[in-house]
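Okay, structure first, notes after.
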Protein chains: 2
Amino acid sequence: MDKRIFEMHAGICTIFSNSKRLEIIDLLRDGEKSVNELSSLMEIPQANLSQHLSLMRQRGILETRRDGVNIYYSIANPKVIKAFDIMREVLLEQLSMHEKMFKKIKSA
Amino acid sequence: MDKRIFEMHAGICTIFSNSKRLEIIDLLRDGEKSVNELSSLMEIPQANLSQHLSLMRQRGILETRRDGVNIYYSIANPKVIKAFDIMREVLLEQLSMHEKMFKKIKSA
DNA sequence: TTAATATATTAGATTATTCGCATATAATAA
DNA sequence: TTATTATATGCGAATAATCTAATATATTAA
């Protein structure tokens, strides 16, 4: 089996292992936004936002379109959202399992 | 919007941002395997394998079952595989896009 | 109990990631 | 041209992740 797929997959997960970047992707879920718009919706310095955007663009996760002075970012492949939604189901199921276990312990 | 979901999601992506761990998950795709079996299928020291397994177990990604001297690991939630498969489609589409662009450049 | 096999843990050096800050560039308007 | 707004980049310190090597524990068999 070719192990390069694991390295590629790990590489993209490194990009996704930052909550600010996930928040950016979430803000772009329904369509493109300019850096300015993103900046006003998030609580991070502009330079840091720009670093995150640049990283995701380099990796082909986001794409850009310039309109005058503004640069609009959007999600390159909507399947990313699909994968995220499934992963969040996993997280929510984990939460509810922990909750059940907690109740069981309390009632014992 | 509650930003804790982004932190949880980022946390699980940190776990997935290592190619050895992804390889382990892939080896468990069709069912449980003992540490020994995993160890013979992978090219890493046993202690390191154990660290990866322990981490994924703590995070609820893997579960264990003991049978005598052996400990069998398995994937806790098969939806993880579903999400992985979609993410790999994304990666393959990225690859084929780069290839098309390369051919375009060569033919120009 | 001792030995053998399977698995886990700890410590520490190495390497990678993250963010803040300063500065740079790009487009447009005055 | 100069000023202004929008966006990007480079540097460096702080923090986090990774692996190796040594050691520990758990189960079973002799």
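Tabulated data for the structure shown
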read-out: Cross-chain or 6+ apart pairs with Cβ under 6 Å, the stretch A:50-75 first and touching a residue at least 12 places away in the same chain (Cβ under 8 Å), then near DNA strand C (Cβ under 8 Å from one of its atoms); value: A:HIS52/A:LYS20; A:HIS52/A:ARG21; A:ARG59/A:ILE15
read-out: Filter pass, B:SER17 being of a type in the set (Ser, Thr, Tyr) and crowded, with 17+ Cβ neighbours inside 10 Å; value: yes
read-out: In the stretch A:41-53, residue surrounded by the fewest Cβ atoms within 10 Å (Cβ to Cβ) [restricted to those that are more than 14 Å from the chain's Cα centre (by Cα) and near DNA strand D (Cβ under 9 Å from one of its atoms)]; value: A:ALA47
read-out: The stretch B:42-52: number of residues that are within 19 Å of B:GLU63 (Cβ to Cβ) and within 14 Å of chain A (Cβ to nearest Cβ); value: 1
read-out: Enumeration of residues in the stretch B:1-21 that are in a loop (DSSP other than H, G, I, E, B) and within 11 Å of DNA strand C (Cβ to nearest atom); value: B:SER17, B:ASN18
read-out: Subset of the stretch A:37-93 [touching an Asp or Glu at 6+ places or on another chain (Cβ under 8 Å) and within 16 Å of DNA strand C (Cβ to nearest atom)]; value: A:MET42, A:ARG57, A:ARG65, A:TYR72, A:TYR73
read-out: Residue within the stretch A:87-102 that is over 27 Å from B:ASN18 (Cα atoms), loosely packed, with under 13 Cβ neighbours inside 10 Å, among the hydrophobic types (A, V, I, L, M, F, W, C) and within 13 Å of DNA strand D (Cβ to nearest atom) present; value: no
read-out: So B:GLY31, is it at positive phi and away from DNA strand D (no atom under 13 Å from the Cβ); value: yes
read-out: Counted residues, the stretch B:62-85 - those being within 14 Å of another protein chain (Cβ to nearest Cβ) and either of a type outside the set (Val, Ile, Thr) or crowded, with 18+ Cβ neighbours inside 10 Å (or both); value: 12
read-out: Odd one out for A:GLU23, checked against (1) at the interface with another protein chain (Cβ under 8 Å from one of its Cβ atoms); (2) without any contact (Cβ under 8 Å) to a residue 12 or more places away in the chain; (3) more than 15 Å from DNA strand D (Cβ to nearest atom); value: (2)
read-out: Number of the condition not met by A:LEU28 [criteria: (1) more than 9 Å from chain B (Cβ to nearest Cβ); (2) free of Cβ contacts under 8 Å to residues at least 24 places away in the same chain]; value: (2)
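None of the figures in this text is laboratory data; all of them are computed from the coordinates on show. Note that the structure is predicted; figures quoted are calculated from it, not measured. Here the Cβ is made from the backbone with ideal geometry for all residues, glycine too, and neighbour counts use every protein chain on show.
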